[in-house]
């Protein structure tokens, strides 16, 4: 199957420029309206618009650093480890204001995609297709994207401007629309229409093109989120829970018909060999092994770098062009103590998701001046006769507690959970408390693999490179039973909620032999708190955690309690991101549009 490619005609480039009118470049406008009218009056022209919609997600977001910081890193599960400073405005809420460029990028580029979707939706009615199914699919893709984009913007920024028409002229005024109105007028209706218009198979066999399973998945997600805006226990809230449950259950009950096939093991979901043809992904952002097909040939998917501890240069480990076990690392995200301890003893997912043992790929011998983690040996263990041969266990970074006696006996370096985190508070220790090397030594998160030792598939050109071309899931099957369970809890049907967890999540795929009964859940276990824990175990790193905490009203509580490195920095107003100053600077009514509450009031330049 082919990947969705991005091709820009002159008219499309002009439309993209116009898309920026109300995002970042209000002083620009589209001078080629007549050309666009001609080009986009044909099915081929509409298809070029639809293909262009996928561009920003591949260029700016999924596979890149920004969402790692502001969707995952700003939660209870992840710490921004890199020097404990980088990106702290997003990940630690320190001085977060409207001048943060990454937040402005969300506003600008996601509105760009809305403008493209509006162009398709506004124009397609006047375009003659020989096959009405093709017309429906093109519109369905635009409806899906517009729904997803508005869901993202509303959750991030709250009441924002609702734009339903293609931008074709400069407009220097903007007005807010209530979030619930955007849900009820656009987000949910667009997702519902996409369910009717999209087909089971992707358009033209294009991997990444939205399909029916993605539409039902999105409908379930946005209806569940909409319920959070209702009065607790009200008839209105229950109606949205019912809609979320119906959509999620449709996917669950129609897996085969929708082209979904579950892998026998949890590990197989994340194997590199299954990445390009994954049968559990409902929606995916594609990256290509052909650099010219990527929006930026040198900046496609780098996720494999972002969740790795410091390994290169330690104790017989060296990253080279063919050391596939030790690819290039950025040491950006590390798990919180809370996250590492969320997995029960019988839960296989920890062993699949985290690597604790690392083996030398060259000979190494401890000496007094070995440097790096050898310094750890001076403090915790004698260094005499400590030789590590290539192939031997060299590093052991574990969530367990290891006694000093065991550490002293080992020929490898051990960094246990109490060396990383303060035992009393769970706070990541400082470099002064534990050394720079130790606080960069944590279990490696390996959901986004580029290599498995038992397969010839490699999703990276060379092991010490950063230009990966793995596809990135933005919606996966397991989210559906979790949505169904949460909706059932909201409806008071806790037994049904437990059944969804037991039958669709806690199966033999994730339960160790002998733990079948211990891992089963009951109706009494079914609380929002349990769902948040299970979503953390199952969906960690999949661009949902910040949204999950906000939806359930737990963002401030969980970040301050479970991520002590955020602590009291986070305040209730952080449930919304700041409106970008670059947007307000372009308006003639910036004070009327206003900054979100809690942030510094907008001051005109």
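The values are calculated or read from the model by the stated rules, or taken from the named source; none is laboratory data. Here the structure is a predicted model, which is why all the values come from computation and not from measurement. Cβ sites come from the backbone with ideal geometry, for glycine too, and all protein chains shown count toward neighbours.
Annotations
- Within the stretch 497-515, the set of residues being without any contact (Cβ under 8 Å) to a residue 60 or more places away in the chain, part of a loop (DSSP other than H, G, I, E, B) and either touching a helix residue (DSSP H, G or I) at 6+ places or on another chain (Cβ under 8 Å) or under 24 Å from residue 249 (Cα atoms) (or both) comprises 506, 507, 508.
- Residue 597 closer than 16 Å to residue 176 by Cα and within 22 Å of the chain's Cα centre (by Cα): no
- Some residue of the stretch 402-413 being assigned by TED's automatic domain parsing to the domain that holds residue 329 and under 28 Å from residue 533 (Cβ atoms): yes
- Some residue of the stretch 553-563 being assigned to a loop (DSSP other than H, G, I, E, B), modelled with pLDDT under 95 and out of contact with any strand residue (DSSP E or B) (no Cβ under 8 Å at 6 or more places or on another chain): no
- Residues in the stretch 555-566 that are without any contact (Cβ under 8 Å) to a residue 40 or more places away in the chain and surrounded by fewer than 18 Cβ atoms within 10 Å (Cβ to Cβ): 557, 560.
- Of all residues in the stretch 517-551, those being part of a loop (DSSP other than H, G, I, E, B), over 23 Å from residue 444 (Cβ atoms), in contact (Cβ under 8 Å) with a residue 60 or more places away in the chain and touching a helix residue (DSSP H, G or I) at 6+ places or on another chain (Cβ under 7 Å) number 0.
- Residues of the stretch 228-245 satisfying the condition of being without any contact (Cβ under 8 Å) to a residue 24 or more places away in the chain, in a helix (DSSP H, G or I) and under 18 Å from residue 151 (Cβ atoms): 240
- Subset tally (residues that are in contact (Cβ under 8 Å) with a residue 60 or more places away in the chain and part of a helix (DSSP H, G or I)) for the stretch 149-163: 4
- Scanning the stretch 432-455 for residues that are farther than 20 Å from residue 359 by Cβ and free of Cβ contacts under 8 Å to residues at least 60 places away in the same chain gives 432, 433, 434, 436.
- When the stretch 509-529 is filtered for residues that are exposed (fewer than 13 other Cβ atoms within 10 Å of the Cβ) and within 16 Å of residue 267 (Cα to Cα), only 513 remains.
- Any hit, the stretch 189-209, residues being assigned to a helix (DSSP H, G or I) and closer than 30 Å to residue 599 by Cα: no
- Residue match in the stretch 167-183 (condition: at pLDDT below 95, in a loop (DSSP other than H, G, I, E, B) and on the phi > 0 side of the Ramachandran plot): no
- When residues in the stretch 414-431 are screened for being free of Cβ contacts under 8 Å to residues at least 12 places away in the same chain, out of contact with any strand residue (DSSP E or B) (no Cβ under 9 Å at 6 or more places or on another chain) and over 18 Å from residue 403 (Cβ atoms), 1 of them pass.
- Residue that is modelled with the lowest pLDDT, among those in the stretch 269-301 that are touching a strand residue (DSSP E or B) at 6+ places or on another chain (Cβ under 6 Å) and part of a loop (DSSP other than H, G, I, E, B): 288
- Boolean, residue 255 is at negative phi and touching a strand residue (DSSP E or B) at 6+ places or on another chain (Cβ under 6 Å): no
- Being surrounded by fewer than 22 Cβ atoms within 10 Å (Cβ to Cβ), under 24 Å from residue 176 (Cα atoms) and at pLDDT below 90 is a property that holds for residue 26.
- Residues satisfying the stated conditions in the stretch 321-357, i.e. farther than 15 Å from residue 307 by Cα and either modelled with pLDDT under 90 or out of contact with any helix residue (DSSP H, G or I) (no Cβ under 9 Å at 6 or more places or on another chain) (or both): 321, 322, 323, 324, 345, 346, 357
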